[in-house]
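Quick note: the coordinates plus some simple rules give every number you see, no bench work behind them. Quantities reported herein were computed from a predicted structural model and do not represent experimental measurements. Here the Cβ positions follow ideal geometry from the backbone for every residue, glycine too, while neighbour counts run over all protein chains shown.
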Amino acid sequence: MKVIVAGFSKTGTKSLHIALRQLGYEVYDFVENFWYLEKDWNKILTEGGSVDDFKRMYKDVDATIDTPVYFFWKEIHEAFPDAKIVFTTRDEDSWFLSYRKQIEAMEKNTILRLTFVYSPLGRKLSALIGKMIMDSEKQKPHVTENRKKNCENLSQKCSTISRNNRTADMKVIVSGFPKNGTKSMTVALRELGYEVYDFVENF
């Protein structure tokens, strides 16, 4: 593990995720944590986790970001004390409005609602996120100067990223169901330099 991103969702984490992948990092975002480590996170959220748990979970991962990492970044750092911690921030009022808008959009999405209702891990994460929003005085976005500086702190080679500047046409559409090698396909496409919209980017 080289980088632990401790900032909350909606504080530039997706831009930072893209930057880290451009730098060649293997990144575990929300989807990867949910998809590959569901049993581990379910145990941690139910019984607690140890340093050995996090060492095993992230032994082949370069960076981790977003839910549920920002609840456990200190524990993950104990497992990887040489990893850099990146805190992202946003004006609190702007952040709250953006997060609430995302939650409202998620509530209208049938697939996501089913995920959070019928998945044990989804229910636990939903409860944690709800607590975070309600307890805003105790849980606030952590601080760095801005998104660009986050990238510069990691590498001078990091390029400025703007979704508005992307002009390439769609090249690949993967129509297979989940658990049919789609995650391996996502990794392969990103290794080839493709900008990929997987589950989390689509929602």
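Working from label points 7 Å from Cα in the Cα-to-Cβ sense, the residue 59 to residue 38 distance is 2.3 nm.
Compute the FRET efficiency between residue 31 and residue 93 as 1/(1 + (r/R0)^6), taking r as their Cβ-Cβ distance and R0 = 41 Å, and round to the nearest 0.05.
So the FRET efficiency works out to roughly 0.90.
The three principal axes of the C-alpha atoms in segment 10-100 carry coordinate ranges of 37, 32, 24 Å, sorted with the longest axis first.
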